[in-house]
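Enquirer: Would you mind keeping the following structure in view while I ask a few things?
The values are calculated or read from the model by the stated rules, or taken from the named source; none is laboratory data. Computed from a predicted structure; not experimentally measured. Please note: Cβ atoms are built from the backbone with ideal geometry, for glycine as well, and neighbour counts cover all protein chains shown.
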Amino acid sequence: MMKGDWRASNRVKQISKSAIHEMTRLSKEIEDVAFLSWAKPTSDTPEHIKEGAIAAIRDGLAGGYSETSGLSKLREEIVKKLKRDNNIDADVSQVIVTVGAIEGLSATVMAMIDPGDEVILPSPTYSTHIRQVVIASGKPVFVPTIEEEGFVLDIEGIKNAITPKTKAIIYCSPSNPTGTVFSEEELRQLAKVSIDNNLMVITDEAYEYFTYDGHKHFSIASIPEMKKSVVSCFTFTKTYAMTGWRVGYLHADEELIPQIGKAHIPLAICAPVVSQYAALAALQGSQDCVVKFGEHYLATRNLMCERLDTLNSVFEYQKPGGSYLMFPKIITEEGKDSATFCKKLLREAKVSTTPGIAFGPTGERHLRLSFCVPDDMINKAFDRMEAYFK
């Protein structure tokens, strides 16, 4: 579309094309690509979850709407999970089931952000969070994380970025794209900044179960003083390999929930009902599948780090403490334009990666690699890169 097209809103015109989806599109034009660019588990959804969906279809439960905030039985299970795994005291009235974490985050941003409000994003950050702020006519304010310490939060940097227009802070932990797990100590410092400055915190905890090397996931909403200041967004899609089912949930203070609900309805009405029954089966069934996925990701992370070590003239990296993503720095001259670097790598070496520029200004000179794939795919990609960079 031309820049001057009067039919499109200025809000949408200032959003660049998604680099993640652009790389996927370009990859489809090339045969036999080694695919490391999409944060989508290649494992299939576990059988007991599929059976829950099949039973709901068979019993005629999946064809209508649920209540907009989600099936009450599912929300009851979510409340138990929040207490058990996140140390968050919740009530069913404080939970909305959403179309993945994405729609929950979008509804939250829409419910909170007025035109011109500033939202702080520790950078590099998930590209969709940037777009969500822009679509709400807010202004993303990027505060670089400290890369050489493993992309940790720069608390002083965040304090210095606050202005009278700052309304909220959005972060993702474990992080997409860097795989950093923000520590409890960092998040307690961030909570203090939020309380001292009367700011909201919006979290994306999609990768909560995938942490390694003694790193532990911490939910900032478990801090009692933050009760009214946090909206926590979660998803089934990563935990249970359910990306295509599009189901997640959010938790917030019961006074804020009706306001978020007002944005949730025009965006979704309700989450897909068949997916809600699948999510219910996920929570009620054995959690062994989650443990297995975590073990697989730890093994593939270690393999990817070993393979990156042999390419140390091209990449430097921080070992990710969580998620199934990592964010190596391109140290060659070509790396200063990550989009061109990744497109060239795709065309000439048949390896699909995601350019770092998609994840905010400090993402430039990096690329995102995904290790939620089989060992063979990682080895194929790195065999090709080794041959290519030689």
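Enquirer: Only one residue in Ala90, Ala107 is out of contact with any Phe, Trp or Tyr (no Cβ under 9 Å at 6 or more places or on another chain), in a loop (DSSP other than H, G, I, E, B), under 25 Å from Pro272 (Cβ atoms) and hydrophobic (A, V, I, L, M, F, W, C). Which one?
Expert: Result: Ala90 is the single residue among Ala90, Ala107 that is out of contact with any Phe, Trp or Tyr (no Cβ under 9 Å at 6 or more places or on another chain), in a loop (DSSP other than H, G, I, E, B), under 25 Å from Pro272 (Cβ atoms) and hydrophobic (A, V, I, L, M, F, W, C).
Enquirer: Please pick out the residue among Ala107, Ala111, Ala161 that is in contact (Cβ under 8 Å) with a residue 40 or more places away in the chain and either crowded, with 20+ Cβ neighbours inside 10 Å or of a type outside the set (A, V, I, L, M, F, W, C) (or both).
Expert: Going through Ala107, Ala111, Ala161 in turn, the sole match is Ala107.
Enquirer: Moving on. Looking at the stretch 41-57 only, could you name the residues that are of a type outside the set (Val, Ile, Thr), closer than 13 Å to Tyr240 by Cβ and either buried (at least 20 other Cβ atoms within 10 Å of the Cβ) or touching a Ser or Thr at 6+ places or on another chain (Cβ under 9 Å) (or both)?
Expert: Within the stretch 41-57, Pro41, Pro46, His48, Gly52, Ala53 meet the criteria.
Enquirer: Considering Phe234, Phe182, which residue is among the aromatic types (Phe, Trp, Tyr), more than 21 Å from Gly356 (Cβ to Cβ) and outside any helix (DSSP H, G or I)?
Expert: Of the residues listed, the single one that is among the aromatic types (Phe, Trp, Tyr), more than 21 Å from Gly356 (Cβ to Cβ) and outside any helix (DSSP H, G or I) is Phe234.
Enquirer: On to the next question. Looking at Ile378, Ile357, which is the one that is within 21 Å of Ile30 (Cα to Cα) and either of a type in the set (Val, Ile, Thr) or assigned to a strand (DSSP E or B) (or both)?
Expert: Answer to the check: Ile378.
Enquirer: Let me ask something else. Could you please let me know if Gly360 is among the small types (Gly, Ala, Ser) and modelled with pLDDT under 95?
Expert: It is true that Gly360 is among the small types (Gly, Ala, Ser) and modelled with pLDDT under 95.
Enquirer: Follow-up. Looking at Asp204, Asp213, can you tell me which residue is in contact (Cβ under 8 Å) with a residue 24 or more places away in the chain, of a type outside the set (Ser, Thr, Tyr) and out of contact with any strand residue (DSSP E or B) (no Cβ under 7 Å at 6 or more places or on another chain)?
Expert: Asp213
Enquirer: Can you tell which of Thr211, Thr178, Thr203, Thr166 is in contact with an Asp or Glu (Cβ under 8 Å, 6 or more places away or on another chain) and either modelled with pLDDT of 95 or more or hydroxyl-bearing (Ser, Thr, Tyr) (or both)?
Expert: Just a single option satisfies the conditions, and that option is Thr166.
Per-residue answers, yes or no, for (1) aliphatic (A, V, I, L, M); (2) more than 22 Å from the chain's Cα centre (by Cα):
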{"position": "Glu76", "(1), (2)": "no, yes"}
{"position": "Lys80", "(1), (2)": "no, yes"}
{"position": "Asn87", "(1), (2)": "no, no"}
{"position": "Val97", "(1), (2)": "yes, no"}
{"position": "Leu105", "(1), (2)": "yes, no"}
{"position": "Ala111", "(1), (2)": "yes, no"}
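Enquirer: Which of (1) under 22 Å from the mean Cα position of the chain (by Cα); (2) exposed (fewer than 14 other Cβ atoms within 10 Å of the Cβ); (3) not assigned by TED's automatic domain parsing to the domain that holds Val373 is the odd one out, the single condition Ser69 does not satisfy?
Expert: (2)
Enquirer: With (1) assigned by TED's automatic domain parsing to the domain that holds Ala241; (2) loosely packed, with under 11 Cβ neighbours inside 10 Å as the list, and Ala62 as the residue in question, which single condition is left unmet?
Expert: (2)
Enquirer: Pull up the stretch 164-182, narrow it to residues that are of a type in the set (A, V, I, L, M, F, W, C) and buried (at least 24 other Cβ atoms within 10 Å of the Cβ), then point me to the one that is farthest from Gly116 (Cα to Cα).
Expert: Val181
Each row is one residue, and each column tells you yes or no for (1) among the charged types (D, E, K, R); (2) closer than 16 Å to Ser323 by Cβ; (3) in a helix (DSSP H, G or I).
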position	(1), (2), (3)
Arg347	yes, no, yes
Leu369	no, yes, no
Cys372	no, yes, no
Phe382	no, no, yes
Met385	no, no, yes
